[in-house]
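The structure under discussion appears below in the form of structure tokens.
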Amino acid sequence: MIRSYTEKYAEIWEGCPKQLPVFSKKYSRSEKLQKEQTLDQFLKTIKSFRKDRINHQSISEAKQRLFLQNTRAFLCNGLDFTNDQLELMFSDDMVNITRSFVRQAKAFDSELSFSDIFQACRNMWIMNGLQLILGIPMRVTPSIFAYSMLYPYTDNLIDDPQITILEKLAFSQRFRSRLSGVNLNPENKTEHAIFRLVEMIETEYSRTDFPEVFKSLLDIHDAQTASMKLIQLSDSLSEQETLKICLAKGGTSVLADGYLVAGNLTAGQKYFLYGYGAYLQLLDDIQDVQEDFNAGLMTVFSKSAFHQFLDDKLNKTYWFGDEVMKSLDSFDGQNIDLFKSLMRRSMDLFITEAIAQNPAAYSALYSAEFESYSPFYFSYIRKRKEQFTPYNGFLLTAIEEIAFSESMVDVSL
């Protein structure tokens, strides 16, 4: 199944046009300057809220509500999200779920850093979105919690320079065995936490009744292992092989999200989720093109970046996402069209920002054309690079601050 999806979406990518995307609105000079002033004011709001949090001052419910209201006003006036989109983004469920998740994470491991918890939150939010379009009430289930928490632990272990390559490979094999259902005694504290999280998934989903749930976990593990070739064999891989590795890495990730949310999926749902994950991976690779190039990680974009302009590849990515979103019709949850419009607006802003952050990767004419569709001048975005980080948009920044405040609460209370 994974191979067939990879082949199909690779065909879709190859068939996507290279023509410039169609955006709904161009911004005049005066509009850009006004929106930049709006963002400057909002950044002051974030700074003030963050200062109180860092100084361990009590942050009342009223102050948190005001902060979220200010965020909503900025997203409306600064980034032109619609009222309906904002209602979906700012539901009480989303904030309460985040608070609940942070409490559970601190109770699970009091030594977790907030950056680890926030990394886990980002995956949980994707899964909450899937609950919405699948028609499932939004909440933190044991499997959503466990799967979201797995990757701070595994990423930290793999990224730790104090751990040898052989030790990392041995862990990868042991982790795969545990995902396969083999009961192993953990060899260290990190493995103990990881194995506990796998057990939480097993508690919610029987391996006998839900075999595809665990097959999806093995698929993403294998896809992530295969993605190591993007560094180890980067010079020998063709562009087609590189594309398929990237598609599989993203596709299997969100497909596993879907299985852990619903237990079972229809053929149409599986097809969409794989494509959605592949699209998110391509967007991530666009955003990280400079960092990946510097690190020798050869994605579809970094492989040719700074040798030839990425104009055509970015255009293809836009139309690839447009094609993926068409298969949302397989879902019968609420607000499908609204979810689709929200994703489109978010991705348009994401792509525009990626061009602004990596001007050397695109032709001057192409950048100028895209800048006309941006709410902000590209020079302004580059000056505020720290506030324009991947998948940490302004809504997430606001929720991050609320969640961090929550993480300072004594979980024993």
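The values are calculated or read from the model by the stated rules, or taken from the named source; none is laboratory data. Everything numeric here is computed off the predicted structure, so don't read it as measured data. Ideal geometry is used to build each Cβ from the backbone, glycine not excepted, and the neighbour counts take in all protein chains shown.
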With the requirement that a residue be surrounded by fewer than 24 Cβ atoms within 10 Å (Cβ to Cβ) and either touching a Ser or Thr at 6+ places or on another chain (Cβ under 7 Å) or aromatic (F, W, Y) (or both), what does the range 286-297 give you? D292, F293, G296
In the range 255-286, which residues are within 16 Å of the chain's Cα centre (by Cα) and of a type in the set (G, A, S)? A256, G258, G275, G277, A278
In the set L260, L328, L280, which member is within 30 Å of S206 (Cβ to Cβ), at pLDDT 95 or above and not β-branched (V, I, T)? L260
Of everything in the range 330-355, what is within 17 Å of L273 (Cα to Cα) and either in contact with a strand residue (DSSP E or B) (Cβ under 6 Å, 6 or more places away or on another chain) or free of Cβ contacts under 8 Å to residues at least 60 places away in the same chain (or both)? Give them in sequence order. D337, K340, M343, R344
Mind checking whether some residue in the range 236-243 is of a type in the set (D, E), surrounded by fewer than 21 Cβ atoms within 10 Å (Cβ to Cβ) and out of contact with any helix residue (DSSP H, G or I) (no Cβ under 9 Å at 6 or more places or on another chain)? yes
Going through the range 255-274 one residue at a time, which ones are of a type in the set (G, A, S) and not in a helix (DSSP H, G or I)? G263
Single condition E353 does not satisfy, out of (1) charged (D, E, K, R); (2) modelled with pLDDT of 90 or more; (3) surrounded by 18 or more Cβ atoms within 10 Å (Cβ to Cβ): (2)
Residue satisfying condition, being in contact (Cβ under 8 Å) with a residue 60 or more places away in the chain and either part of a helix (DSSP H, G or I) or more than 21 Å from the chain's Cα centre (by Cα) (or both), within set T252, T299: T252
Hey, Q308 hits all of (1) among the polar types (S, T, N, Q); (2) part of a helix (DSSP H, G or I); (3) closer than 21 Å to L20 by Cα; (4) free of Cβ contacts under 8 Å to residues at least 12 places away in the same chain but one; which does it fall short on? (2)
I'd like to know if the range 219-235 contains one or more residues that are among the small types (G, A, S), at pLDDT below 85 and over 22 Å from the mean Cα position of the chain (by Cα). yes
